[in-house]
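Let me give you the structure first, and then I'll get to my questions.
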Amino acid sequence: MSSVKITRELHFSAAHRVFNPEWTDEKNSEVFGGCANPNWHGHDYRLLVTVEGTPDRKTGFVMDLKDLKSLVESRVIQDVDHRNINLEVSWMEGVIPSTENFVMEIWNRLVREFPEGVELSKLTLWETPRHCVEYEG
């Protein structure tokens, strides 16, 4: 039987500051612009989680979308929603919270959590309506 991909979209809001602690504020501002603001800034994120597998013969599902939502909420959303990524998200400690790094850390939180026969295929993280990052592990 063929492999099928399904995607669930989730939303959360979070604040962060993109900066390199080894640099001066001036250097951070030069490289990261307003994202290096010492007073933080926030985003309304959209996270698309795509998994792949063979549909179950009894249900026709690759994975129940309610279960996918619940898994992502418990492993990611509960930790980051209405939080400061730099200060309050333990699994981002020591990581520059660029969108690229953030999506890779989200992947690490999810990749081994799926039922047998279901594989994490892709994450798409929208930071703004004009800027997203895709990661396929």
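The values are calculated or read from the model by the stated rules, or taken from the named source; none is laboratory data. Just so you know, these numbers come straight off a predicted model, no measurement behind them. Cβ coordinates were reconstructed from backbone atoms using ideal geometry, including for glycine residues, and neighbour counts include every protein chain displayed.
Here's the yes/no breakdown for (1) in contact with a Phe, Trp or Tyr (Cβ under 7 Å, 6 or more places away or on another chain); (2) among the basic types (Lys, Arg); (3) modelled with pLDDT of 95 or more:
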position	(1), (2), (3)
Lys5	no, yes, yes
Ala15	yes, no, yes
Asp64	no, no, yes
Gln78	no, no, yes
Val111	no, no, yes
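Still on this structure: Condition (residue is crowded, with 17+ Cβ neighbours inside 10 Å, touching a residue at least 40 places away in the same chain (Cβ under 8 Å) and not hydrophobic (A, V, I, L, M, F, W, C)) applied to the range 104-119: is it met by at least one residue?
Checking the range 104-119: not a single residue is crowded, with 17+ Cβ neighbours inside 10 Å, touching a residue at least 40 places away in the same chain (Cβ under 8 Å) and not hydrophobic (A, V, I, L, M, F, W, C).
What is the residue count in the range 120-133 for residues that are out of contact with any helix residue (DSSP H, G or I) (no Cβ under 6 Å at 6 or more places or on another chain) and either under 14 Å from Ile6 (Cα atoms) or free of Cβ contacts under 8 Å to residues at least 24 places away in the same chain (or both)?
Residues flagged as out of contact with any helix residue (DSSP H, G or I) (no Cβ under 6 Å at 6 or more places or on another chain) and either under 14 Å from Ile6 (Cα atoms) or free of Cβ contacts under 8 Å to residues at least 24 places away in the same chain (or both) within the range 120-133 amount to 5.
For a quick check of your reading: which helices (runs of 4 or more DSSP H) sit entirely within the range 14-119 and have at least 2 residues that are touching a strand residue (DSSP E or B) at 6+ places or on another chain (Cβ under 7 Å)?
Filter on the range 14-119 gives 65-72, 85-88, 99-110.
In addition: For a quick check of your reading of the model, give me the residue pairs whose first member lies in the range 22-50 and is farther than 30 Å from Ile6 by Cβ, whose second is surrounded by 14 or more Cβ atoms within 10 Å (Cβ to Cβ) and among the aliphatic types (A, V, I, L, M), with beta-carbon atoms closer than 7 Å and at least 6 apart or on different chains.
Asn28/Ala36; Ser29/Ala36; Phe32/Val18; Cys35/Val18; Ala36/Val18; Trp40/Ala15; His41/Ala15
Kindly provide the set of residues from the range 120-137 that are assigned to a loop (DSSP other than H, G, I, E, B) and among the acidic types (Asp, Glu), ordered by number.
Glu136
For Lys69, state whether it is surrounded by 14 or more Cβ atoms within 10 Å (Cβ to Cβ), under 23 Å from the mean Cα position of the chain (by Cα), within 27 Å of Glu119 (Cα to Cα) and among the charged types (D, E, K, R).
When the stated conditions are applied, Lys69 passes them.
Oh, and also: So which of Val31, Val18, Val4 ends up being closer than 23 Å to Gly94 by Cβ, of a type in the set (A, V, I, L, M) and surrounded by fewer than 18 Cβ atoms within 10 Å (Cβ to Cβ)?
None of the other options fit; the residue is Val31.
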